[in-house]
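Enquirer: Pasting a structure below so you can have a look.
Bear in mind that the values in this text are calculations on the coordinates, not laboratory data. A quick note: this is a predicted structure, and the numbers were derived from the prediction, not measured. Cβ sites come from the backbone with ideal geometry, for glycine too, and all protein chains shown count toward neighbours.
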Amino acid sequence: MSTDVTVILLLALAGFLIGGAYSTWKTSRPLSISLAVCAVLAAGGAIAWGFA
């Protein structure tokens with residue numbers, strides 16, 4: 001798998017997780033916070049992988 005595809009997939013995962021965090025904020029805040037943390041990790045991984 002090329003680097004570009006991996007970065008795109010990680011960014012897509014981060015967007016999916018942010019959407020999940022936003023939609024669960026009112027019902028389950030701990031789950032929403034954990035989804036947001038995972039989204040930040042995925043986005044950070046995409047950025048780090050893109051510059052590597």
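Enquirer: For the chain, what does the helix formula give at 222 nm: sum of -39500 (n - 2.57) over DSSP H segments with n ≥ 4, over the residue count, nearest 500 deg cm²/dmol?
Expert: Helices in the chain give a 222 nm mean residue ellipticity of -29500 deg cm²/dmol.
Enquirer: Let me check against my output: what whole-number percent is the relative contact order of the chain, with C-alpha pairs under 8 Å and at least 6 apart? Kindly include the intermediate steps, with their values, before the conclusion.
Expert: Numbers: 46 pairs, mean separation 25.1, N = 52.
Contact order relative to length: 48 percent.
Enquirer: Please list the radius of gyration and Dmax for the chain, considering alpha-carbon atoms only, with Å as the unit.
Expert: That works out to 12.2, 38 Å for Rg and Dmax.
Enquirer: Now, a different point. So which chymotrypsin sites (Phe, Trp or Tyr not before Pro) in the chain pass both tests, a DSSP loop state and at most 16 other Cβ atoms within 10 Å of the Cβ?
Expert: For chymotrypsin sites (Phe, Trp or Tyr not before Pro) across the chain that sit outside H, G, I, E and B with at most 16 neighbouring Cβ atoms in 10 Å, the list reads W25.
Enquirer: Ok, one more. Kindly express, to the nearest 10 degrees and within the range 0 to 90, the angle between helix 29-51's C-alpha long axis and the longest C-alpha principal axis of the chain.
Expert: With rounding to tens, the tilt is 10 degrees.
Enquirer: If I fit a long axis through the Cα atoms of helix 3-23 and take the longest principal axis of the Cα atoms of the chain, what angle between them do I get, 0 to 90°, rounded to 10?
Expert: 10 degrees
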